[in-house]
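Accompanying notes for the structure given below.
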Amino acid sequence: MRTIRCVCASAVVVGALFGLPARADAQETVQGLRQEIDQLRRDFEQRLAALESRLAAAEGAAPTPAQPTAAPPPAPPETAAAQTPAQPTAQVPPGAEGAGGPSGALPVYGASVGSSKVFNPDMAAIGNFLGAMGHNDVNPAPPFQLQESEVSLQAVVDPYARADFFLSFGQEGVEVEEGFLTFNALPGGLLTKVGKMRSAFGKVNTFHNHILPWTDRPLVTQNLVGGEDGISDAGISVARLIPNPWLFLEGTGQVFAGNSGDVFQSAKRSDLSYVGHVRAYQDITEDSNLDFGFSYARGNHVTPTDQSAHLSNTLYGVDFTYRWRPLQRSIYRSFAGRAEWIWARREEPADLFTTRQGMYVSGDYQFARRWTGGLRYDRSQSIQAVTGYDTGGAAVITYRPSEFSQVRAEYRHINYVTASSANELLFQFQFSIGAHGAHPF
């Protein structure tokens, strides 16, 4: 009725504004509108009565006239208590009756999509296209290459474990970059992984190529920790949170078969390699946090002249990460500062030892929603050089149209101890399709 009055009033106002003649004409207009409204109401009542008759017939009962019936008298307290079940019933929020209620069957959303992937893992493919200009006599890169195409297969095995496989399609063929099973409900709060995996040594060693903030890896990683492949091997990893009232603290211990590129090589079955990592994390403010870690790795290596030599190689590392991301402007502004220092002690024949060390410092600032700029400084000794340091720097600019693609350019300058300086312009196009799981934070 409120709507009807508004319509009538609107008609009168419109008539007055547009100069409809006189009061009599306005009354005739109002009278005509009322007649039309009455006719609509009668039609609605007739249709409602017809629908009630059809509903009663469908329920197997005779139609009843649309007259109010007297409510049944309230039951005596004894009868009401006898009819009430002893157990309490769940309270159904308003509107939940259509979703099955407390005893009805719940609806199945996306049944066709959900049933089609019950036995299929989440699958994704990531392409990493690289180009290079300039000159580098030590580590030259081709002008164009699809450096790596990563295919991931990830799924929950059962309530107690999940599986992750990462296949790498590169210039040299196909290999399993990582493939491991994670047990997340073992006694003692232990998180256990078995399979082939990247070790927990430092920060950059744990990164896949497509999540690096640069197109390449720092010099210290290339010189002392195996470069792109890093310390990666088949083995067992056990991690546990260390309770304390001050900060997040996690300890990780890993045992590998003992073969990780030019870092570790095993001459016999007992030549295993071991990795330990302690990570501390603490929020500083709502917008910033610190991540600090200490790493240890030890294994064996062989020499070109004696493949059966039992020589040790020990590495120590310290990594530091600072992150800043304001809550109100998180998609437009952020900063990540990283630093890592590694010291290596390598046993040589005749009971001699050589030591090498290196470090990098980097900062990446997001200055717009899709744009990020960064700088990196490198300084590292090399296994090939007895003295001196390779030093260099890089400037990076990254454009991300979306979370599924990015375009990056990097200018890199390196002063090598054993060769001439390198000046290169590197560019990268990266894209992904499918459901790729999140990497560890």
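Quick one: is I211 out of contact with any strand residue (DSSP E or B) (no Cβ under 9 Å at 6 or more places or on another chain) and touching a residue at least 40 places away in the same chain (Cβ under 8 Å)?
yes
The combined condition, being at pLDDT below 95 and either touching a Lys or Arg at 6+ places or on another chain (Cβ under 7 Å) or hydroxyl-bearing (S, T, Y) (or both), is not fulfilled by Y296. Answer yes if at least one residue in region 245-257 is in contact with a helix residue (DSSP H, G or I) (Cβ under 9 Å, 6 or more places away or on another chain) and either touching a residue at least 12 places away in the same chain (Cβ under 8 Å) or hydrophobic (A, V, I, L, M, F, W, C) (or both), and no otherwise. Looking through region 245-257, none of the residues is in contact with a helix residue (DSSP H, G or I) (Cβ under 9 Å, 6 or more places away or on another chain) and either touching a residue at least 12 places away in the same chain (Cβ under 8 Å) or hydrophobic (A, V, I, L, M, F, W, C) (or both). Of all the criteria given as (1) touching a strand residue (DSSP E or B) at 6+ places or on another chain (Cβ under 6 Å); (2) at pLDDT 90 or above, the one not satisfied by Q147 is (2). Looking only at residues of region 411-430 that are of a type in the set (A, V, I, L, M) and crowded, with 19+ Cβ neighbours inside 10 Å, we find that the one that is farthest from the chain's Cα centre (by Cα) is A422.
From R323, R329, R379, R338, grab the single residue that is farther than 22 Å from A200 by Cβ, among the basic types (K, R) and modelled with pLDDT of 95 or more.
After ruling out the rest, the residue left standing is R379.
Evaluating V255 against the criteria (1) modelled with pLDDT of 95 or more; (2) within 25 Å of the chain's Cα centre (by Cα) leaves one unmet condition, (2).
Of the listed requirements (1) within 18 Å of A200 (Cα to Cα); (2) within 28 Å of the chain's Cα centre (by Cα); (3) not charged (D, E, K, R), Q282 misses just one: (1). Could you check, for region 346-365, whether at least one of its residues is of a type in the set (K, R) and without any contact (Cβ under 8 Å) to a residue 60 or more places away in the chain? Yes, the conditions are met somewhere in region 346-365.
Listed by position, the strands (runs of 3 or more DSSP E) inside region 160-276 whose residues that are within 29 Å of A336 (Cα to Cα) and of a type in the set (G, A, S) number at least 2 are 232-241, 248-256. Given the options S260, S288, S308, name the one that is modelled with pLDDT of 95 or more and either farther than 27 Å from L191 by Cα or among the small types (G, A, S) (or both). The unique qualifying residue is S288. Applying the criterion of being of a type outside the set (K, R) and in contact (Cβ under 8 Å) with a residue 60 or more places away in the chain to the residues of region 410-421, the residue that is nearest to Q366 (Cα to Cα) is E410.
The values are calculated or read from the model by the stated rules, or taken from the named source; none is laboratory data. No experiment lies behind these values; they were computed from the predicted model shown. A quick note on method: Cβ atoms are made from the backbone with ideal geometry, for glycine too, and the neighbour counts reach across all protein chains shown.
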